[in-house]
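For reference, the structure discussed in these notes is given below.
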Amino acid sequence: MNKKIFLASPHMGGLEMQYVQDAFDTNWIAPLGKNVNQFERELADYVGVSDAAALSAGTAAIHMALKAVGCGKDDMVFCSSLTFSASANPILYENAIPVFIDSERDSWNMDPEALEMAFQKYPRPKAVIIVDLYGQPAQWDRLCDICSRYHVPIIEDAAEALGAEYKNRKCGIFGKYGVFSFNGNKIITTSGGGMLVSDDCERIQKVRFWSTQAREPERYYQHEEIGYNYRMSNVVAGIGRGQLQVLEERVTKKTEIYNTYRDAFSNIDEIEMMPVCGECKPNFWLSCITVKKKSKVKPLDIILALEKENIESRPIWKPMHLQPVFKEYDFFTTMERGSVSEDIFNRGLCLPSDTKMTAEEQERVIQIVKGAVLKCTVSI
């Protein structure tokens with residue numbers, strides 16, 4: 001069997017062990033310590049915010065952001081529909097009500113016009129969770145303007161977009177709070193972990209308090225609020241510090257992977273690359289394609305052809321408004337029938353975007369994709 005080509009997998013840079021070793025040498029094998037403090041400071045400086053809280057997952061960061069804006073029972077929270085479920089699940093943790101917003105085609109992110117429609121029906125949501133899908137920045141000028149007019153805070157889910165930029169500003173800083181994920185398949189990883197960033201240092205400190213079981217500063221264990229075991233370990237924070245030093249290299253490699261696919265498929269009528277918006281610099285976490293509506297080839301044809309050769313790919317996220325668990329909640333789209341996010345889901349897939357993938361391995365992927373397209377078009 002051919003060597004497996006992953007969709008996206010951990011890629012160590014070689015600097016991680018010195019920070020991990022420091023945690024062992026100092027016996028700080030705990031959810032506190034120098035690595036945690038420094039990782040928070042270094043990441044905050046990188047994206048350009050005042051403070052950051054290192055947490056156990058990006059999901060935990062979204063949850064804490066919702067608590068920080070005061071979200072509670074029966075509050076409404078608007079959320080991008082085309083995303084991973086972790087963007088929306090924390091809304092239910094707080095017994096709030098999700099309202100899902102469709103995508104626009106230029107970035108695949110939240111549609112400002114659909115967002116405006118949602119505000120017209122529900123003018124006082126507690127927050128708006130906006131995703132930078134697959135490392136592509138959303139249309140931040142328009143989205144921020146709308147939310148500002150309604151005086152509603154934005155939680156930017158930049159879990160997939162660390163290192164991406166919109167108009168020369170890093171993703172993660174366009175809302176009241178920004179969220180990053182360091183899951184094993186992200187552009188940098190701590191094996192598992194996340195970060196909440198903000199210019200509101202007081203609320204970030206409150207998040208640290210909630211995330212360490214909300215223990216009051218007493219000699220005994222006093223708890224006046226419900227807390228959570230959400231703090232990042234000093235060991236994995238050491239991995240994160242080493243990973244952060246190679247982030248720009250990873251962005252460069254991901255960009256090369258996307259550009260190689262784009263060039264290779266430029267003369268294939270059936271395939272379109274995920275669009276790149278003007279004034280955006282994605283991190284190209286995953287290189288995505290769609291097959292044209294009238295094409296005979298379907299995403300599953302390509303996925304199965306790659307799978308047969310031990311190559312990992314996967315469908316685009318199934319939109320939240322189509323998920324059984326969220327079927328009772330409202331959804332806004334500008335389309336009279338269907339939705340943009342559903343169409344992208346039906347026609348799209350994510351291609352291998354692993355930064356350890358060689359040029360020869362990527363060429364294998366390209367030839368298999370082309371072969372799958374040719375097979376379907378010739379056999380009809």
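Read-outs throughout are calculated quantities, based only on the coordinates presented, and are distinct from any laboratory measurement. The model shown is predicted, which means the values in this text are computed figures rather than measured ones. Positions of Cβ are backbone-derived with ideal geometry, glycine not excepted, and every protein chain shown enters the neighbour counts.
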request  = Rounded to whole Hz and in sequence order, give me ³J(HN,Hα) for region 293-301 from the Karplus expression 6.51 cos²θ - 1.76 cosθ + 1.60, θ = phi - 60°, writing x for Gly and Pro.
outcome  = 4, 8, 5, 7, 7, 10, x, 5, 4
remark   = Note, residue 50: beta-carbon cut-off 13 Å, +1 each Lys/Arg, -1 each Asp/Glu, net -3
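Can you give the local net charge around residue 195? Use residues other than it whose beta-carbon is closer than 13 angstrom to its beta-carbon, Lys and Arg +1, Asp and Glu -1. Intermediate results must be reported in sequence, preceding the final value.
On the way: positive: 41, 170, 186, 208, 231, 241; negative: 40, 42, 45, 51, 156, 157.
Charge balance near residue 195 sits at 0.
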message = Tell me which trypsin sites (Lys or Arg not before Pro) from region 244-342 have a DSSP coil assignment and no more than 15 other beta carbons within 10 Å of their own.
response = 292, 293, 294, 296, 327, 337
ask   = At residue 1 and residue 374, where each label point lies 7 Å from the Cα along Cα→Cβ, what is the point-to-point distance in nanometres?
value = 2.6
task = Give the whole-number value, in cubic angstrom per residue, of the convex hull volume spanned by the C-alpha atoms of region 223-349.
result = 244
request  = Would you mind counting up the charge near residue 275? Only other residues with Cβ under 15 Å from its Cβ, with Lys and Arg at +1 and Asp and Glu at -1.
outcome  = -2
query = For helix 234-244, what angle does its Cα long axis make with the longest principal axis of the chain, in degrees from 0 to 90 and rounded to 10?
reply = 50
message = Can you give me the distance in nm between label points at residue 310 and residue 149, each placed 7 Å from the Cα along the Cα-to-Cβ direction?
response = 5.6
remark   = Computed over region 16-244, the convex hull of the Cα set has an average projected area, in nm², of 12.3
ask   = Taking a threshold of 18 Å on the Cα-Cα distance, which of the pairs 296/370; 292/375; 298/356; 186/356 fall above it?
value = 298/356
task = For the chain, just give the cysteines left without a disulfide-compatible partner, judged by no other Cys Cβ under 4.7 Å.
result = 71, 79, 144, 147, 171, 201, 288, 350, 376
query = With labels modelled as points extended 7 Å from the Cα through the Cβ direction, what inter-label distance (nm, one decimal) is found for residue 292 paired with residue 220?
reply = 7.4
key: Rh by Kirkwood over Cα pairs, then Stokes-Einstein D for region 258-322 at 0.692 mPa s and 37 °C, µm²/s   = 243
query = Taking the inverse of the average 1/r across all pairs of different Cα atoms in region 32-103, what Kirkwood radius in Å do you get?
reply = 13.6
query = To the nearest 10 degrees, how steep is helix 112-121 against the longest Cα principal axis of the chain, on a 0 to 90 scale?
reply = 50
ask   = What's the angle, to the nearest 10 degrees (0 to 90), between helix 247-264's Cα axis and the longest principal axis of the chain?
value = 20
